[in-house]
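The values are calculated or read from the model by the stated rules, or taken from the named source; none is laboratory data. Bear in mind that the values here come from a model prediction, so they are computed numbers and not experimental data. All Cβ positions, even for glycine, are placed from backbone atoms using ideal geometry, and neighbour counts span all protein chains on display.
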Amino acid sequence: MDDESKTVLMLRSLRCCQRCVLRYLGRKNIHVYANPLESCPSLWKLEDGEGGPKQASTDSEVVHNPDQAEQSELKSEGSKDGEICPACLGILQSLCDERTVDKICCDVEALNYDFKTYMLTLTLPLQLDIRQHCLLTHLNEICKLSLKSTDITPIKDVFKWVCGRLFSYRFKVKFSPKSSFEVGLSFEHHETQGEVDTLYDEITDKEPAHKRQKFWKNSHKKKEGPTKQLIGSALRGLTSRHLKRLLPHPPVIPQSGSSYSIECLHESVFLAGRYTKHSRHLSQTPWILEGERKTESSVEEHICKPIQEALRAADYRFASSGREDVDVRTLGRGRPFVVEVVNPRKNIVCVEECKGLQEEINKRTSDVGVRDLQIVGKDATMKLKEGETEKKKSYMALVRVASPVCQEDLDKLNTDQEIVLKQKTPIRVLHRRPLATRERSVHSMTTERVDDLNFKLFLCTQAGTYIKEFVHGDLGRTQPNVGTILNTDADITELDVTAVHVDWPPELDDS
Ligand code: ZN
């Protein structure tokens with residue numbers, strides 16, 4: 001008898017399903033897997049001739065019976081035993097057909113995602129790798145073969161060949177390996193999970209103490225639990241005698257089939273724009289102190305909530321080019337920001353949609369205004385943070401002084417020469433920032449007298465300069481400061497950011 005016939009008979013006698021037999025024969029033709037019974041009749045005839053296990057009527061019955069509950073019902077009625085394939089744990093045998101695909105598609109549709117293409121990712125039980133190893137060893141020994149694991153067609157490939165076409169047909173969209181929408185199927189088989197635990201324990205806990213210590217030092221896998229890589233290296237590293245002591249060769253025939261769960265994920269969508277802030281009672285991000293909200297809303301929420309709702313997203317992440325204090329307004333063309341929209345169920349695709357979204361944000365609040373809202377790439381957050389400290393920002397501060405000043409005094413402040421400040425970490429942020437002295441530059445200043453005790457100070461500075469501290473001096477912690485230059489005490493009554501000089505994202509004409 002030839003090797004192929006021996007393989008077929010051996011695997012069938014061990015209750016392997018027809019698709020798994022074809023896998024072990026290394027078949028790569030997609031079509032043979034769609035209907036193995038009809039595509040390779042000569043293979044299955046062997047069984048009759050050799051008086052092996054009966055024709056594969058069990059297969060065809062199980063194939064149309066993917067529901068686990070129904071399966072166990074069938075069993076309790078005394079159906080044929082050994083009907084779950086020990087090589088694929090029922091995945092290719094009873095969960096790889098039109099009916100299962102239909103069920104999965106219904107579940108995906110219920111999640112209400114918009115998608116134009118899709119990709120499929122499968123997570124298989126780790127014990128399948130162990131079982132393949134044991135079955136292969138057994139097969140090679142008994143039938144005197146020299147099959148290698150790389151000769152075997154992977155379960156994932158077969159599942160995708162058979163079901164991929166059905167998914168595409170049912171979803172009415174194309175499969176694409178680079179799709180931004182992913183349908184994730186995770187298969188589990190609890191009954192045989194112990195096989196993974198056995199092998200895992202063997203290579204971790206049971207090692208001699210000195211070796212275990214080394215293992216602990218070299219990896220943190222113990223904490224992570226068994227991984228495909230770890231199981232793979234254990235199977236390669238342990239001798240076949242050792243493995244035989246640990247695990248049954250051939251693997252035992254399970255009583256139940258595998259189950260699966262579905263998780264869908266859409267790649268993040270990134271939106272960028274600029275915001276202005278018109279309130280002196282609004283924090284940039286939610287301000288929560290000891291579990292209590294200090295401000296009702298925040299710039300972040302005003303911008304992100306409408307976006308999250310419109311795109312039916314699971315979450316969002318907000319980032320901006322610097323930030324302003326609660327009592328500081330941001331005017332002019334505003335401050336650049338990026339929103340990462342996490343796992344959106346609706347995809348935003350066109351300029352009009354962005355415009356509509358921007359209008360919606362602006363309609364809901366007068367405290368925050370958004371412009372230039374646009375779709376940007378994944379690297380947006382990086383672009384935003386790039387060279388952040390070199391950037392320039394312009395401010396208008398309303399300054400109050402202790403003794404009257406005339407325009408001549410104020411002229412001391414007017415300059416287009418760079419002034420380098422030495423700023424110790426301000427007292428007001430010492431609780432969250434380390435104590436340090438930083439150098440920051442004031443690029444230019446002009447003043448406008450309001451009355452004897454008040455004037456407007458317009459400044460352009462390096463990003464990250466503490467403006468309030470430059471005005472009042474922070475008990476001498478910022479040098480020089482407005483007070484030392486004017487030779488009086490100065491305080492700041494109001495502060496506005498008038499420009500953030502960053503040319504990203506690109507300005508849009510009709511904003
Ligand atoms: Zn199988």
Yes or no: HIS278 modelled with pLDDT of 95 or more and over 30 Å from the mean Cα position of the chain (by Cα)? yes
Kindly indicate whether any position in the range 471-490 is over 13 Å from PRO426 (Cα atoms), in a loop (DSSP other than H, G, I, E, B) and within 44 Å of the chain's Cα centre (by Cα). no
Just give me the residues in the range 8-37 being in a loop (DSSP other than H, G, I, E, B), farther than 17 Å from GLN132 by Cβ and within 16 Å of the ligand (Cβ to nearest atom), in sequence order. ASN35
Contact list, first residue from the range 136-163 and farther than 14 Å from ASP3 by Cβ, second anywhere and in a loop (DSSP other than H, G, I, E, B) and more than 16 Å from the ligand (Cβ to nearest atom), beta-carbon distance below 7 Å, six or more apart or interchain, is THR137/HIS249; HIS138/HIS249; THR153/LYS28
Tell me which residues, restricted to the range 114-134, are assigned to a helix (DSSP H, G or I) and in contact with a Cys (Cβ under 8 Å, 6 or more places away or on another chain). LEU128
Quick one: ASP503 ticks every box in (1) under 30 Å from GLY377 (Cα atoms); (2) over 39 Å from the mean Cα position of the chain (by Cα) bar one, so which box is it? (2)
If you check SER394, SER366, which single one turns out to be in a loop (DSSP other than H, G, I, E, B) and among the hydroxyl-bearing types (Ser, Thr, Tyr)? SER366
How about the range 415-437: which of its residues are exposed (fewer than 14 other Cβ atoms within 10 Å of the Cβ) and touching a Ser or Thr at 6+ places or on another chain (Cβ under 9 Å)? ASP416, GLN417, GLU418, VAL420, LYS422, ARG433, PRO434, LEU435, ALA436, THR437
Name the residue that is modelled with the lowest pLDDT, counting only residues in the range 142-170 that are within 16 Å of the ligand (Cβ to nearest atom) and aromatic (Phe, Trp, Tyr). TRP161
